[in-house]
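**Q** Next up is a structure, given as structure tokens.
The values are calculated or read from the model by the stated rules, or taken from the named source; none is laboratory data. For clarity, every value in this text was computed on a predicted model and none was experimentally measured. In this analysis, Cβ positions are derived from the backbone assuming ideal geometry, glycine residues included, and neighbour counts consider all displayed protein chains.
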Amino acid sequence: MSDLNIFEPVLETLTQLDMDLFRVINQGMGNSFLDFLMPILRNKYTWLPLYVFIIGFSLINLKWKGAWLIFCLIVAVGVGDTLSSKLIKKTVKRPRPCRTEQIMDTLELRISCGSGYSFTSSHATNHFALGVFLFFAFGSIMGRYKWLLILWAALISIAQVYVGVHYPSDIIGGGLLGTLIGYAFGKYYLIKAHQWFDHDRRDAITQTGQQTSGS
């Protein structure tokens, strides 16, 4: 028996679990309220006011540190989207559930199916990258409410399954990828912000203190 044959039962079980969970979310949870809410949650234009607020808040309150934050955030999301859309999807080439013949007749498709492949979900990758990055960048400001950023990313990801364009494993893979990217860039942002901007502020405070004591 080859090594691949050893893992076939495991892969079959995981695939079946993925399909069963997809049916639970896409069909079992279906109701008129979620039919209205979920397409709005996963629509990128819904969150434009939030993104404008984040940019404005960062630049107004954090000045150059805020500009550095926005730069790191844009790069983090860009890296996540490139890895998911350009590399992983085109390598794995998994069809979307709404383009899979075996389940097309039974799934509930609540938006246009869209083009491209299914694994990983770029929605999940991008929003987890954004949410986890801000979790670290705004952690001291938001306190315990920073966990809402993770919940936000998770709800948008689940909406992708609910509307019928992704499997649960797609959003899990995308969420893990986005989390790693958001964590890496969030930590990098904090380290450099501390070195560059907090150091300059400490020097300014020290100089002010010296001038005051010398006068």
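**Q** Just for helices (runs of 4 or more DSSP H) wholly inside the stretch 82-171: which have at least 1 residues that are without any contact (Cβ under 8 Å) to a residue 60 or more places away in the chain, of a type in the set (A, V, I, L, M) and over 24 Å from L14 (Cβ atoms)?
**A** Of the helices (runs of 4 or more DSSP H) lying wholly inside the stretch 82-171, those with at least 1 residues that are without any contact (Cβ under 8 Å) to a residue 60 or more places away in the chain, of a type in the set (A, V, I, L, M) and over 24 Å from L14 (Cβ atoms) span 122-137, 139-142, 147-162.
**Q** Tell me yes or no: at least one residue of the stretch 95-109 is surrounded by fewer than 18 Cβ atoms within 10 Å (Cβ to Cβ) and either on the phi > 0 side of the Ramachandran plot or modelled with pLDDT of 95 or more (or both).
**A** No, the stretch 95-109 has no match at all.
**Q** Ok, one more. Condition test on V92, is it of a type outside the set (K, R), more than 17 Å from the chain's Cα centre (by Cα) and loosely packed, with under 11 Cβ neighbours inside 10 Å?
**A** no
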